Amino acid sequence: MLVAKVRGSQAVADKALTAMTADKAEEVLKPLVGPDTLLCIDGSGALRKATAKLGVTTKSIAVSDDGRVSEGVYHVQTVNNYHERLKTWTNRQLRGVATKYLDNYLAWMRMWEWFKEGVRPEHFIVSGLGRQLINT
């Protein structure tokens, strides 16, 4: 799974991938990033290759280094936290999900993240009809 989150905002992009390859990562990231983007990434070689092909500046954060923060400001903890909340929700509350429907569950998670406590039934109905109300 590839998760990208804009620091300080509700904007999140996520995509279920069958395998994390440089080509797949590049395909997912291409519409989301530009030459002025700075991405904090984990140690993934596929992400390093994809961002190099896209010409995006990266800060690679290795958890085994000096803590989880680089240069006092760069980290991947926001994405790690999102990923942990997603896993907790799908495993504990939903008791697991079918992989073929994972993109739908990711959209549901984005909706909860976006609207927080203000999700209304019509948000789900409109989204289910293919008219996404939030960022993708």
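The values are calculated or read from the model by the stated rules, or taken from the named source; none is laboratory data. Every value quoted in this text rests on a predicted model; they were computed, and no experiment measured them. All Cβ positions, glycine included, derive from the backbone under ideal geometry; neighbour counts span all protein chains shown.
Do you know which residues across segment 82-111 are touching a Lys or Arg at 6+ places or on another chain (Cβ under 9 Å) and over 13 Å from M1 (Cα atoms)?
M109
When you scan segment 9-67, how many residues do you find that are among the basic types (K, R) and in contact with a strand residue (DSSP E or B) (Cβ under 6 Å, 6 or more places away or on another chain)? If you could, list the steps in order and put the result at the bottom.
As a first pass, look at segment 9-67 and keep what is among the basic types (K, R): 15, 24, 30, 48-49, 53, 59.
Now drop any that are not in contact with a strand residue (DSSP E or B) (Cβ under 6 Å, 6 or more places away or on another chain), which leaves 15, 59.
Going through segment 9-67 one residue at a time, the tally reaches 2.
Go through segment 33-50 residue by residue and tally those that are loosely packed, with under 14 Cβ neighbours inside 10 Å and either among the hydrophobic types (A, V, I, L, M, F, W, C) or within 13 Å of the chain's Cα centre (by Cα) (or both). Break it down into steps so the answer makes sense when it comes.
Quick first cut of segment 33-50, residues loosely packed, with under 14 Cβ neighbours inside 10 Å only: 34-36, 38, 42-43, 45.
Then drop every residue that is not either among the hydrophobic types (A, V, I, L, M, F, W, C) or within 13 Å of the chain's Cα centre (by Cα) (or both), which leaves 38, 42.
Number satisfying all stated conditions: 2.
Restricting attention to segment 1-28, which residues are touching a helix residue (DSSP H, G or I) at 6+ places or on another chain (Cβ under 6 Å) and part of a helix (DSSP H, G or I)?
A22, A25, E26
Name the residue, out of K15, K24, K30, K53, that is modelled with pLDDT under 90 and surrounded by fewer than 19 Cβ atoms within 10 Å (Cβ to Cβ). So that I can check it myself, show each step before the final result.
Details: K24 fails: modelled with pLDDT under 90; K30 fails: modelled with pLDDT under 90; K53 fails: modelled with pLDDT under 90.
Checking each option against the conditions leaves just K15.
Just for segment 79-130: of the residues that are among the hydroxyl-bearing types (S, T, Y) and under 14 Å from the mean Cα position of the chain (by Cα), which one is nearest to A16 (Cα to Cα)?
The first filter runs over segment 79-130 and keeps only residues among the hydroxyl-bearing types (S, T, Y), leaving 82, 88, 90, 99, 101, 105, 127.
Now drop any that are not under 14 Å from the mean Cα position of the chain (by Cα), which leaves 82, 105.
On the way: Y82: 14, Y105: 10 Å.
Result: Y105.
Go through (1) out of contact with any Phe, Trp or Tyr (no Cβ under 8 Å at 6 or more places or on another chain); (2) more than 23 Å from F124 (Cα to Cα) one by one and return the number of the condition A11 breaks.
Status for A11: all satisfied but (2).
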